[in-house]
Every structure is written in C-alpha cells, then in structure tokens.
Amino acid sequence: MATEAEPGRRRRCCAQDTPDVPKVPDSRGDSDGPGRGSLCERHCAAINNVQGDLGDLGCHLHRPRVPAGTSTPSCCQQHSEETCESCVGKTTLTAENAVEANKLSNNYKFGFKKWKSHVTARPWEDRSEIVKELYSDLNVIRGSGGSTLTCGNVLYLLLFGWWLSLLYVLVAAVMLVTVVGAPYGWLCWDLAGYFLWPFGKVIQKVEVPKCQQASEAGAGESSALLGGPTPRHWRPRCWAGTGYWRRAGTAAWLCLGYPALALAHGLVCVAAWLLIVLIPVAKLSARAASRVLLLPPERVLIRRLRMTEVPLEGEVILCCYRAANPYYYKYAVDGINVFAVNLLPLVLVTLVLGYVDSANRLSGSAIKFTLALLSIMPLSYYIGMAIASISAQSNFAVGAVVNATFGSITELTFYITALIKGSREGNRCYAEVVKSALTGTLVGCVLFVPGLCMVIGGIRHQEQRFNSRSAGVSSALLFLSVGGVFAPTLFSKVYGKLVCGECHNVTQNPLGHYLCHNCHFDLMDNNGTLYYSHVQPLVYTVSILLPAAYLIGLFFTLKTHTHIYDIHISDCHMPGHHHSAVVHWSRWRALVILLLSTLCMSACADLATEHISPILTNSTISQYFIGVTVLAMVPELPEIVNGIQFALQNNLSLSIEIGNCIAVQVCMLQIPILVLFTIFYPTNFTLVFSDLHVYASMFSVVLMNYIFMDGKCDYFQGTVLVMVYFILLAVYFFAPSPSGC
C-alpha cells in the first residue's frame with residue numbers, strides 16, 4: 001500500500017501544482033495510458049518544454065545522462081513531492097553530440113558569456129529541407145519548380161540579368177568575327193538567353209557528340225522531359241576540323257572572351273554574396289565561371305525544363321529556380337555565420353585605411369571612427385566562436401580560464417587605449433567617456449538586452465518561464481557590485497568639497513540666492529588629502545573585494561549549490577542516427593584565431609580612440625550619450641543577437657543570463673582591472689562617477705530585480721524594460737557634457 005500511495009502523491013503534485021503548464025498531447029490518444037505515471041510524465045515534459053530547449057531533436061522527454069547499464073527513471077520516479085514543485089525552475093539543454101554538450105556545460109555557468117555558436121557540424125540528414133536547400137550546388141532538378149515569376153527573380157533581372165546578357169551578346173559577336181572561335185560565339189549567344197532569365201532552365205555537360213550524330217538528331221528530337229523539340233540554337237556546335245582549328249579557337253576564347261566574362265561573373269558573385277539573400281545568384285555566377293565557360297562548347301547543352309518525370313542524360317551543371325532566399329541569414333561557412341564572413345573585409349579596409357592614410361587625405365576622422373567601431377562586431381564574433389571552440393574541447397578549468405581572460409577583451413581593449421590616449425593628451429574627457437561606456441553597458445545589459453528578448457520571445461510565446469533562483473543569484477551579486485562600484489562616489493559626495501565654476505546673485509542681495517554652474521565635488525582640497533588618504537584606499541579595497549565576491553559566486557553556483565541552475569544535458573538524438581562530432585575549429589586553430597582577432601581588436605580600438613577626439617569636441621550631442629550608446633552597445637551586438645535567438649527558442653533563462661553575466665563582469669572584473677591598470681600606468685580615471693550614472697544604474701538594477709521575482713514574464717514586462725531604457729537614453733541625450741570635455 002505504501003508503494004502505491006507514493007506514486008499517487010507524485011502524480012497529484014505534477015498535475016495540480018503546476019496549473020500554468022500547457023498540456024502535452026499524448027500520442028496514444030485520449031484513452032487511458034498503461035501506467036499511472038503517464039500524466040506526470042506528460043506534465044514534466046511540458047515543464048521542460050516551457051523552459052526551452054536549444055533545439056527539438058525529436059526527444060519527447062529530455063532526461064539527464066545516466067550511467068551505462070542502468071535504466072532511466074521517469075520524472076515522477078526522480079523527484080519527490082517537494083522537488084516536483086521546482087520542476088518549473090529546471091533548465092534542460094539538448095546537444096547533438098558530446099562536444100556540444102561539453103560546450104554547453106562549460107559555458108552555462110554563472111559569470112561566463114553564453115556563446116550561441118555551434119562548434120560542430122550538424123549531421124546532414126538531421127537538417128530541415130530549408131537548410132539543405134541553402135547548401136545545394138544548384139545542380140538538383142526538383143519535381144515541381146512552380147512559377148519562376150517571383151520578386152527575387154525580377155530583382156535579378158533588374159540588377160544583373162540584362163547587362164550580363166548584353167555582355168554575352170557582345171562577346172559572341174567578337175568570337176564570331178574571329179572565325180576560329182565561332183563555336184564559342186554560338187555558345188555565348190545561347191548563354192546570353194540563359195543568363196537573361198536562367199530560372200527553369202538547365203545546363204548539361206554531355207559526352208562529346210559527333211557532328212554527324214548532331215545532324216542525325218534533326219529538328220524532331222523530343223523527350224518526355226522537354227515536352228517538345230529541342231530548339232536548334234541550343235544544340236552543341238562542333239568545329240568543322242580538328243587539331244589546329246580547335247587549339248586556335250580555344251586560344252582566342254581564353255584571350256578575348258573568357259577574361260571579360262569571368263570578371264563580370266566575379267563582380268556579380270561578390271555583389272550577390274554581400275546582399276546575402278541573393279547568394280543563389282553568387283553560386284550561379286561562380287559555377288558558370290569555373291565550370292561552364294571552361295568546357296568545350298560541344299559539351300554544353302542548354303535546355304528549358306517543362307516536365308521532370310524523366311531524368312536528363314548527362315551531368316547537370318546548373319539548374320536554378322529562385323534567385324533569392326530569405327533564409328540565407330542562417331548560412332554558415334566553416335561554422336562562421338555569413339554576416340561575420342561579409343564583415344571580415346571591413347576589418348582589413350579599416351586597418352589599411354587607418355594606418356596608411358594617417359594624414360586623413362582619403363577620409364576624415366568620422367569615417368575612420370565609424371569603420372573601426374563597426375569592425376569590432378565581427379571580431380567579437382570570432383573571439384566568441386574561438387572561446388566556445390576551445391571550451392568545448394577542453395575541461396572546465398581550461399574553458400574557465402579562457403573565458404575569464406578573453407570574455408571581456410573587447411571592452412577592456414577599447415577602455416585601456418582610450419585612457420592611454422587621454423593621459424598622453426592630458427584630456428579628462430576620455431576618462432569620462434570610459435565611465436559613460438561602463439555605465440551604458442551595465443544599464444543596457446540589465447534593461448535593454450533582457451527587455452528586447454522578452455518582447456521578441458513574447459511575440460511567439462504567450463508566457464515564458466525562466467529559472468528565477470539563478471536569476472536571483474545574479475541580481476544579488478548585481479546589487480553587491482553596484483554598491484561596491486559606487487561606494488567611492490557616495491563617499492566623495494558626503495566628505496568632498498563642492499566647487500562651482502561660476503555663480504550669479506539672482507536677488508542682488510549679498511545674502512540672497514545664488515545660481516551656480518559647473519559644480520562638482522573637489523577631492524583634491526588641502527593637497528589632495530581627502531583623495532589620497534581616504535578615497536583612493538577605498539577604491540583599492542573595493543577593487544579587491546569585488547573580484548573576491550565574483551569568485552565566491554562562482555564557488556557557490558559551481559560547487560556547493562549546483563542544483564540552483566539544475567542543468568541537464570540531454571544525450572537523446574534522432575532515432576537511428578549516431579554520429580561522431582566533426583569540429584569546425586580545432587583547439588590550435590581556435591587559439592590562433594583568438595590571438596589574431598585580439599590583435600586586430602586592439603588595432604581597431606586604437607584607431608577608434610585616435611579618431612574619436614574630433615567627434616567629442618565638434619559634436620553637438622552630449623559625450624554622455626555617445627559613451628552610453630555607441631561605445632557601450634556596439635561591442636555587445638553579437639550577444640544581443642544570441643539572446644534574441646535563445647528567446648525565440650523559448651529559452652529565456654539563457655537570454656536573461658547573457659545580460660546579467662555581462663553586467664556582473666563589468667562591475668566585478670572590468671572596473672577592478674581598469675583600477676589595477678591605473679596603478680601601473682597613471683591615467684585620469686578615478687572610480688568617482690557622476691550623479692546621473694549612479695541613479696541610472698541603481699534604478700535599473702532595482703527594476704530588473706522586481707521584474708525577475710516571479711520567474712515568468714511576457715512581452716508587456718519586456719516593453720517596460722525597453723521603455724525605461726529609452727527614457728534613460730533621452731536623459732543622457734539632453735544632459736550637458738561632463739566637466740573636462
């Protein structure tokens with residue numbers, strides 16, 4: 001009796017204590033299941049589904065790994081009545097292989113950035129048909145192509161088709177004039193019609209036909225595939241003779257015709273690749289220049305597809321139906337997203353233009369600053385990809401060291417170069433800009449990043465749940481870190497001497513009211529006794545305590561209270577498929593890319609700080625606003641994209657942890673490192689912030705903690721966070737420039 005009562009209590013726990021959990025349809029229908037625990041398992045599966053998996057790999061119920069030879073217990077067998085109530089707080093992560101599981105396990109820890117990139121190649125048979133189409137070589141004939149009159153095809157005609165076809169006509173005329181290149185001229189004439197509208201047509205590589213066989217075929221050749229006779233001008237042409245005439249015609253083609261067409265296809269390929277959605281056009285041009293134009297003309301056959309019941313004879317070289325595909329934002333080259341690939345040349349242009357044109361003859365400081373700032377985005381992506389690759393192929397200790405060392409390298413590189421430049425020029429404005437950037441990163445990651453993820457994720461999911469216990473740990477440490485960072489500021493407000501630039505008596509009475517401007521607390525009164533004897537020791541003490549609190553937080557969440565995060569790496573996979581992991585980047589390759597990206601990041605940061613001075617001095621916008629927005633959020637764009645992707649997959653826990661992790665690292669790692677740097681290299685940076693920074697940061701942390709208390713959210717709460725963030729941006733926009741700028 002006792003053994004039957006316990007499962008009954010567990011079943012009631014799962015069925016009644018989680019009323020907000022959506023029901024999971026049972027594949028067995030509405031009939032009663034064979035076991036008593038079926039209802040509990042369905043509810044626990046729904047709970048895990050609500051928590052958001054990193055991908056649906058065909059697993060109905062995600063279970064943690066168990067030792068070999070032991071059976072996997074059900075949800076109700078694993079949890080007692082008390083622990084079943086905390087099923088909502090679980091975070092179940094799915095991984096395709098052991099390498100991805102190791103990456104998730106090593107990166108989903110407190111204080112480490114949650115890199116989204118896959119470090120291994122996904123099995124081809126496990127991908128969707130949409131993704132498979134992205135990687136096709138445009139040589140597959142589909143059963144039903146549908147109508148070829150689409151917006152993307154018309155766009156191809158307007159951008160590339162008309163002038164590419166005209167170029168083929170001109171080259172055809174030139175080759176016909178040479179006489180020996182006449183077969184290539186007729187080929188160009190056929191290709192002119194093809195590239196004007198290549199959709200629904202196919203280019204074949206056929207065996208070398210005899211001219212007698214071509215003539216015997218006649219105009220009456222037909223097939224079920226073509227649906228009618230083959231047009232005469234699409235038949236392969238042969239030279240009248242062999243030997244000398246063929247060699248002469250090929251030489252004339254390689255000298256007069258092929259270079260111009262190859263150059264044109266190269267331009268089309270680059271332009272279409274940069275537009276991303278037109279990557280099929282880039283593949284079309286690349287394949288035409290590398291395969292079609294290098295074949296003998298008698299081996300090229302161009303046909304229009306009307307029916308596809310009968311396969312074509314010969315190799316299919318090109319067969320294109322659509323010029324544009326909106327899903328190419330998912331396209332990756334060797335594991336690198338296409339956006340990061342396209343932005344990589346921008347880094348080279350920035351470095352060459354910045355260091356070669358040091359006199360600003362080719363471009364001004366504003367352009368160079370913008371290019372340097374934009375170059376930080378792809379470099380941040382490469383650094384994150386390298387960190388994820390190393391972490392996935394190493395143990396936790398190595399992953400932790402790499403993540404802690406290079407996780408904040410983007411921001412620290414810019415801050416340190418800015419402080420060095422400000423110290424050399426004796427300009428305090430650079431230190432104020434760095435403080436604004438630090439505050440902007442903190443406020444943006446606390447308000448904007450989770451708020452935007454809630455809004456976008458709430459569009460697809462009515463209500464999203466997350467691990468409120470882990471979010472509470474991050475919130476508590478944020479309170480601690482914000483209090484520690486701004487403690488020297490509050491100390492200076494209490495004991496500092498208020499000094500004003502100018503004051504005017506508004507009542508014309510010596511004892512009346514005075515209106516003062518440019519007031520600040522002077523810490524250097526009496527030869528700096530207050531600062532050097534009281535404020536500076538406090539700054540050093542805080543800079544030691546904050547990293548210590550960071551380490552205690554790591555020990556708390558990784559060692560003694562690991563159940564707070566309750567991470568489960570599921571090893572279930574699609575039925576029938578067992579694949580070994582194919583890593584995109586090896587550890588040595590990832591390490592080399594990490595070091596090169598860090599060097600390029602340092603160079604771009606140096607260029608950004610070199611050319612920011614005219615913007616700070618000549619701009620009508622407050623320096624506060626420039627630091628809080630541009631300098632703070634641009635390096636975090638890859639992480640914002642990661643958070644949005646997690647939210648769309650109903651995994652809001654990771655989206656929130658991304659923002660909290662960056663905010664904690666700003667206060668507990670980046671600021672102490674900057675203070676340590678000023679000890680060895682004196683700069684104008686002091687850990688005393690303006691009142692605006694203090695109020696904005698504290699209010700943001702309080703609001704975030706209030707929103708995250710119940711462990712669930714919707715798009716309205718996300719809208720509140722985003723709106724508050726924009727209100728603070730408006731305050732910074734209209735605020736006067738800081739003193740010293």
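The values are calculated or read from the model by the stated rules, or taken from the named source; none is laboratory data. Remember, predicted model here, so these are calculated numbers, not experimental data. All Cβ positions, even for glycine, are placed from backbone atoms using ideal geometry, and neighbour counts span all protein chains on display. Ligands, DNA and RNA are stripped out before the accessible areas are found, and what is left, the full protein with its side chains, is counted by its heavy atoms. Shrake-Rupley method; radii C 1.70, N 1.55, O 1.52, S 1.80 Å.
A compact table of results
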| read-out | value |
| --- | --- |
| Pick from region 266-278, criterion touching a residue at least 60 places away in the same chain (Cβ under 8 Å) and assigned to a helix (DSSP H, G or I), ranking: surrounded by the fewest Cβ atoms within 10 Å (Cβ to Cβ) | L274 |
| Positions within region 647-658 being under 20 Å from F339 (Cβ atoms) and open to solvent by 10 Å² or more (accessible area, probe 1.4 Å), in sequence order | L648, Q649 |
| Criterion (at positive phi and modelled with pLDDT under 90) met by exactly one of G220, G241, G200 | G200 |
| Any hit, region 367-374, residues being among the hydroxyl-bearing types (S, T, Y) and open to solvent by less than 30 Å² (accessible area, probe 1.4 Å) | no |
| Options R465, R460; residue that is at pLDDT 80 or above, touching a Leu at 6+ places or on another chain (Cβ under 8 Å) and either surrounded by 17 or more Cβ atoms within 10 Å (Cβ to Cβ) or farther than 30 Å from I679 by Cα (or both) | R460 |
| Search result, residues across region 601-620 that are more than 11 Å from A366 (Cα to Cα) and outside any helix (DSSP H, G or I) | T620 |
| Verdict on M698 being within 30 Å of V455 (Cα to Cα), touching a helix residue (DSSP H, G or I) at 6+ places or on another chain (Cβ under 8 Å) and crowded, with 18+ Cβ neighbours inside 10 Å | no |
| Selection status of V398, without any contact (Cβ under 8 Å) to a residue 40 or more places away in the chain, in the same structural domain as I615 (by the TED database), open to solvent by 10 Å² or more (accessible area, probe 1.4 Å) and in contact with a helix residue (DSSP H, G or I) (Cβ under 8 Å, 6 or more places away or on another chain) | yes |
| Sole exception among (1) in contact with a Pro (Cβ under 8 Å, 6 or more places away or on another chain); (2) without any contact (Cβ under 8 Å) to a residue 12 or more places away in the chain for S423, by number | (2) |
| Breaking point among (1) open to solvent by 10 Å² or more (accessible area, probe 1.4 Å); (2) modelled with pLDDT of 80 or more; (3) farther than 25 Å from L412 by Cα, for L669 | (3) |
| In region 704-719, the residues that are surrounded by fewer than 17 Cβ atoms within 10 Å (Cβ to Cβ) and aliphatic (A, V, I, L, M) | M709 |
| Matching option when the condition is touching a strand residue (DSSP E or B) at 6+ places or on another chain (Cβ under 9 Å), open to solvent by 50 Å² or more (accessible area, probe 1.4 Å) and not basic (K, R), among L295, L348, L344 | L344 |
| Residue within region 588-600 that is modelled with pLDDT under 75 and assigned to a helix (DSSP H, G or I) present | no |
| Unmet criterion (only one of (1) open to solvent by 50 Å² or more (accessible area, probe 1.4 Å); (2) touching a Lys or Arg at 6+ places or on another chain (Cβ under 9 Å); (3) not in a helix (DSSP H, G or I); (4) not aliphatic (A, V, I, L, M)) for R142 | (2) |
| Single condition T405 does not satisfy, out of (1) open to solvent by less than 10 Å² (accessible area, probe 1.4 Å); (2) free of Cβ contacts under 8 Å to residues at least 40 places away in the same chain; (3) among the β-branched types (V, I, T) | (1) |
| Pair list, Cβ < 8 Å and 6+ apart or interchain, from region 370-381 residues that are at positive phi to residues that are open to solvent by less than 30 Å² (accessible area, probe 1.4 Å) and basic (K, R) | none |
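Each row is one residue, and each column tells you yes or no for (1) out of contact with any Phe, Trp or Tyr (no Cβ under 6 Å at 6 or more places or on another chain); (2) assigned by the TED database to the domain that holds P635; (3) under 15 Å from I658 (Cβ atoms).
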| residue | (1), (2), (3) |
| --- | --- |
| S423 | yes, yes, no |
| C429 | yes, yes, no |
| L438 | yes, yes, no |
| L452 | yes, yes, yes |
| P488 | yes, yes, no |
| S492 | no, yes, no |
